[in-house]
Amino acid sequence: MKQSQLFTKTQKDALKDEVSVNAQLLIRAGFVDKEMAGVYTVLPLGLRVMNKIENIIREEINALGGQEIFMPSMQPKENWLKTGRWDSMDDLYKVKDASGREAALGPTHEEIVVPLAQKFINSYKDLPFSVYQFQNKFRMELRAKSGILRGREFIMKDLYSFHLDEADLDAYYEKSKATYFKIFERAGLKEVTHLTFASGGSFSKYSHEFQAITPAGEDIIYVCEKCGLAVNKEIKAEVVECPECKNTQFREEKAIEVGNIFKLMTKYTQPFGLTVKNEKGETKEIVMGCYGIGLGRLMGTVVEVHHDEKGIVWPETVAPFQVHLLSLSQNEKAAEIYETMTAAGIEVLFDDRDANPGVKFADADLIGLPYQLVVSEKNMRDNRVEIKNRKNGTVEYASLDNLEILGYFQNK
């Protein structure tokens, strides 16, 4: 993409009404735009990041056996009355049409996915199975904060699994843990993410969160010094030793929850009467698990973990482009390089704007693509181009030969 054709612009100055690093940098760099508290428009650069995150998740959930669907945001009131959450869920948005008919704007989809599954489960042989979606969620956060980490409207991947018995649920649940770690590793959060014991609510003693350590964290977790397992502060009083290795030494950390998994058991299948006969002809209530990841929250966490004083430092796996091509009054040669790299499938943002070098370098650091490729008069006199690694600041050179430049990035 040519930067001159990008309709969004960067902002030089810090934003007075934003405290969080993720909101500051994502807005200033032109990835998102704030509509109102907790509600953001995702701009072209931001959508490229979100799409890459979505594709990572999709690949791993497909490998886990999930089948992708898309469920409605508007949900019947009667379904929520059946589960008892119409009146008990404080952050539920409720809407009413001109006829007086009421519906919920879905903050989650158990009330939809269970009746859906009920239509297709006819035998124990239909189990187990799992379905997932990427869908807008709506939650009435009275004090939305922390930029895109905690919003009122956001995109979530929610996966729901259905099982004949708890043993089968347990086996799938353990596989989901490994899948989640693969997702966070691919998103660039491997070193900071910890499996964390948390409250299980009304349906199990514990649930599990995946918490990424960062000073911007909203949660306090205690990380086992021996094995790395963590415990959320909300249950620390219940846990005196590590559930995994029995160690009693923990360190306190601030962290952001980037994903969670729950054993729902029969909490939602029971109200809808979702049962099946097993191979012995006995009626069994189907048990469930649910597994969530917020895409915007994950993107915001990546920014909180990967940035410096100049701007964002995107991991290569989720960066909107791999290379920021900066033309310093050498558009003809830079355009030639751009065409060659684009034709080879390398993702390039070409800064072909009529702007001074200082502006181009500042914007490149703010946007934070993994590599900056500089074509300047000085470099061309030396028959070379400059390649800067945004993460560690190292600078290398390649000759002006298009194939050599191409080979540099193809070998990364």
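The values are calculated or read from the model by the stated rules, or taken from the named source; none is laboratory data. Here the structure is a predicted model, which means the values were calculated and not measured. Note that each Cβ is placed from the backbone with ideal geometry, even for glycine, and that neighbours are counted across all protein chains shown.
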* Structure fact -> Restricting attention to the range 313-359, the residues that are over 30 Å from residue 56 (Cα atoms) and assigned to a helix (DSSP H, G or I) number exactly 9
* Inside the range 303-331, can you point out the residues that are among the hydrophobic types (A, V, I, L, M, F, W, C), farther than 17 Å from residue 47 by Cβ and out of contact with any Ser or Thr (no Cβ under 6 Å at 6 or more places or on another chain)? -> 313, 323, 325, 326
* **Residue under evaluation residue 363, criteria (1) surrounded by fewer than 18 Cβ atoms within 10 Å (Cβ to Cβ); (2) under 24 Å from residue 7 (Cβ atoms), criterion not met** => (1)
* **Options 241, 257, 279, 252; residue that is modelled with pLDDT under 95 and either part of a strand (DSSP E or B) or over 27 Å from residue 64 (Cβ atoms) (or both)** => 241
* Test: residue 356 is without any contact (Cβ under 8 Å) to a residue 24 or more places away in the chain and exposed (fewer than 15 other Cβ atoms within 10 Å of the Cβ) -> yes
* Residue check: is residue 120 aromatic (Phe, Trp, Tyr) and exposed (fewer than 15 other Cβ atoms within 10 Å of the Cβ)? -> yes
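Per-residue answers, yes or no, for (1) in contact with a helix residue (DSSP H, G or I) (Cβ under 9 Å, 6 or more places away or on another chain); (2) closer than 22 Å to residue 317 by Cβ; (3) part of a loop (DSSP other than H, G, I, E, B); (4) not assigned by TED's automatic domain parsing to the domain that holds residue 107:
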site: 167; (1), (2), (3), (4): no, no, no, no
site: 171; (1), (2), (3), (4): no, no, no, no
site: 195; (1), (2), (3), (4): yes, yes, no, no
site: 231; (1), (2), (3), (4): yes, no, no, no
* **In the range 360-412, the residues that are in contact (Cβ under 8 Å) with a residue 40 or more places away in the chain, in a loop (DSSP other than H, G, I, E, B) and over 31 Å from the mean Cα position of the chain (by Cα)** => 400
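Looking for whichever is among the basic types (Lys, Arg) and in contact (Cβ under 8 Å) with a residue 60 or more places away in the chain here; the options are 226, 190, 177, 205. Which one fits?
Exactly one of 226, 190, 177, 205 is among the basic types (Lys, Arg) and in contact (Cβ under 8 Å) with a residue 60 or more places away in the chain, namely 177.
One residue is enough: does the range 42-54 have a residue meeting the conditions closer than 29 Å to residue 309 by Cβ, small (Gly, Ala, Ser) and modelled with pLDDT under 95? I'd like the intermediate steps shown before the answer.
Of all residues in the range 42-54, those closer than 29 Å to residue 309 by Cβ come to 42-53.
Narrowing further to those that are small (Gly, Ala, Ser): 46.
With modelled with pLDDT under 95 added as a condition, the list becomes none.
No, every residue in the range 42-54 fails to be closer than 29 Å to residue 309 by Cβ, small (Gly, Ala, Ser) and modelled with pLDDT under 95.
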* Failed item in (1) closer than 30 Å to residue 191 by Cα; (2) assigned by TED's automatic domain parsing to the domain that holds residue 385; (3) surrounded by fewer than 20 Cβ atoms within 10 Å (Cβ to Cβ); (4) in contact (Cβ under 8 Å) with a residue 12 or more places away in the chain, with residue 331 passing the rest -> (1)
* residue 301: in a loop (DSSP other than H, G, I, E, B), of a type in the set (S, T, N, Q) and either under 30 Å from residue 210 (Cβ atoms) or at pLDDT below 95 (or both), yes or no? -> no
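Table: residues versus (1) of a type in the set (Ser, Thr, Tyr); (2) out of contact with any Asp or Glu (no Cβ under 6 Å at 6 or more places or on another chain); (3) in contact (Cβ under 8 Å) with a residue 60 or more places away in the chain.
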position: 73; (1), (2), (3): yes, yes, yes
position: 78; (1), (2), (3): no, yes, no
position: 92; (1), (2), (3): no, yes, no
position: 97; (1), (2), (3): no, yes, no
position: 102; (1), (2), (3): no, yes, no
position: 105; (1), (2), (3): no, yes, no
position: 123; (1), (2), (3): yes, yes, yes
position: 128; (1), (2), (3): no, no, no
position: 131; (1), (2), (3): no, yes, yes
* Given (1) within 22 Å of the chain's Cα centre (by Cα); (2) modelled with pLDDT under 95; (3) assigned to a loop (DSSP other than H, G, I, E, B); (4) surrounded by 18 or more Cβ atoms within 10 Å (Cβ to Cβ), where does residue 188 come up short, assuming only one miss? -> (2)
* To do: Among the strands (runs of 3 or more DSSP E) lying completely within the range 60-135, list those that include at least 2 residues that are out of contact with any helix residue (DSSP H, G or I) (no Cβ under 7 Å at 6 or more places or on another chain).
  => 74-76, 93-96
* To do: Determine whether the range 151-164 contains at least one residue that is at pLDDT 95 or above and surrounded by fewer than 15 Cβ atoms within 10 Å (Cβ to Cβ).
  => no
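This table checks each residue for (1) crowded, with 20+ Cβ neighbours inside 10 Å; (2) outside the structural domain of residue 96 (by TED's automatic domain parsing); (3) in contact (Cβ under 8 Å) with a residue 40 or more places away in the chain.
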{"site": "51", "(1), (2), (3)": "no, no, no"}
{"site": "57", "(1), (2), (3)": "yes, no, yes"}
{"site": "67", "(1), (2), (3)": "no, no, yes"}
{"site": "82", "(1), (2), (3)": "no, no, yes"}
* Which one of these is among the small types (Gly, Ala, Ser) and either outside the structural domain of residue 147 (by TED's automatic domain parsing) or touching a strand residue (DSSP E or B) at 6+ places or on another chain (Cβ under 6 Å) (or both): 300, 281, 345? -> 345
* Please specify each residue of the range 28-59 satisfying the condition of being assigned to a helix (DSSP H, G or I) and either under 15 Å from residue 157 (Cα atoms) or β-branched (Val, Ile, Thr) (or both). => 49, 50, 51, 52, 53, 54, 55, 56, 57, 58, 59
